[in-house]
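Data block below; observations after.
A short reminder: the numbers here are calculations on the coordinates, not readings from a lab. Remember, it's a predicted structure, so these values are computed and weren't measured experimentally. As a convention, Cβ positions derive from the backbone with ideal geometry for all residues, glycine included, and neighbour counts pool all protein chains shown.
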Amino acid sequence: MIIIGEKINSTLKAVRPAIESYDEAVIAGLAKSQAEAGADYLDVNAGMFNQDEPDRLEWLINTVQSTVKTPLAIDSPSPAAIERGLKANKNGKPIVNSITDEKKRFGEILPLILKYKTGVIALCMDDSGMPEDAKGRVLIARSLIGKLTKEGVPISDIYIDPLVRPIGTGPHYGIAALDTIKAVKSEYPDAHIACGLSNISFGLPARKLINQTFLVAAMASGMDGAILDPMDKKIMSFIYASEALLGIDDYCGEYLGRYREGLIEF
C-alpha cells in the first residue's frame, strides 16, 4: 500500500496558522511524525494562500526536506506553484497532485510531468465535470492513461483517483468509487489507484469508522494507494491486516513485524 501523508495541508485548521506564520517547528514535526509512521510520500499543500502560494509552497517543501528524505506529493491547483515546488524538490521522484482530463488542466500539467519526470495523480473528471457513475469515470481513466502513456509517462507513474465523494450526499457514491477501482485495476494492473480516503465520510458522525470500512472494501477492490493520516494507528492497522488477508503480505511478515513493534492497534 502506497501511503501519502495528508497532514501538511493548508486546508487543515490546525496547520494553516503554522504555514501563515512560517512556523518551521510545526511543519518539521508533522513531516517527521508522518515519515516515522510509515508514509511513503508527504503531500504538501499551500493552496489556501492564493496571493503568494508559490512562495509558501516552496517554503513548505524546503522545510520538509530539511527534516526528512521522504518523497513529496506536490499538491496545488496552480501550475505555477507546482512548478516552483518541482524546482525546489530534492527528495527524489515526486508525485504531482493532480491532473484531470479537462483540456486546460491537462495542457498545463502534462509539460511539468514530462519535464521533471514525476508521478501523477490523475482524477477521473473532464470538462463535463465529475461523472456520477463508474462507467463515466472508467472512460475518463482510459482517456487519461492513453494520453499520458502516449506522451511517454510510464503507466507505473500514474495514480488514478476514482473520485471518492461523500456517501452522505449520495448513496451510490461508495459503490461508484469501488466499481471504478475494480474496473481500472482489472484493465490496467500496472497503474496505481490513489484516493483521498476521508472524503467518503465527510459530514457524517464517527467518520473514522466509515473510513476504516471503506479502506478495507477499496483494498479488496484493488486500491493500492491512499492519501490519509499515517499517524492514525488504527487505520494503519487495518492496512496491515488487509494486506495479510489479501495475500499482499507474504506469510503475514509485515503484519507480524508491525505487531511486534507495537504498531498494531485493535
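Quick one: if the Förster radius is 25 Å, what FRET efficiency do Lys103 and Glu187 give, using the C-beta to C-beta distance and rounding to 0.05?
Once rounded, the FRET efficiency stands at 0.60.
Ignoring solvent entirely, what values of log10 I(q)/I(0) come out of the Debye formula for the stretch 2-230 at 0.15 Å⁻¹ when each Cα is a single scatterer?
Each listed q corresponds, in turn, to -1.00.
Between beta-carbons, use under 12 Å as the cut-off and find the net charge around Pro79, counting Lys and Arg +1, Asp and Glu -1.
+1
Compute the distance in nm between two label points, each set 7 Å from the Cα along the Cα-to-Cβ direction, one at Leu246 and one at Lys208.
About 2.2 nm separates the two model spin labels.
With respect to the cross-link table entries Lys93/Lys234; Lys185/Lys208; Lys103/Lys208; Lys32/Lys147; Lys90/Lys182; Lys90/Lys208, which display a Cα-Cα separation exceeding 32 Å?
Correct reply: Lys103/Lys208; Lys32/Lys147; Lys90/Lys182; Lys90/Lys208.
Using per-residue counts of other Cβ atoms within 10 Å, averaged over each peptide, order 217-230, 144-157 from highest down.
For the peptides 217-230, 144-157, the packing ranking is 217-230, 144-157.
Please give the charge dipole size of the chain, origin at the Cα centre, charges +1 on K and R Cβ atoms and -1 on D and E Cβ atoms. Round to the nearest 20 debye.
Here the size comes out at about 100 debye.
Please compute the modelled spin-label separation between Lys69 and Glu20, points set 7 Å along Cα→Cβ, answer in nm with one decimal.
So the two model labels end up 3.6 nm from each other.
Non-local amide H neighbours of Ile193 (under 5 Å, H modeled in plane, Pro and chain starts lacking H): which ones?
Ile160, Asp224, Gly225
Can you run phi through the Karplus equation (6.51, -1.76, 1.60; θ = phi - 60°) for the stretch 189-206 and list ³J(HN,Hα) in whole Hz, with x for Gly and Pro?
With coefficients 6.51, -1.76 and 1.60, one gets x, 8, 7, 9, 10, 9, 9, x, 4, 6, 4, 4, 9, 4, x, 9, x, 6 Hz.
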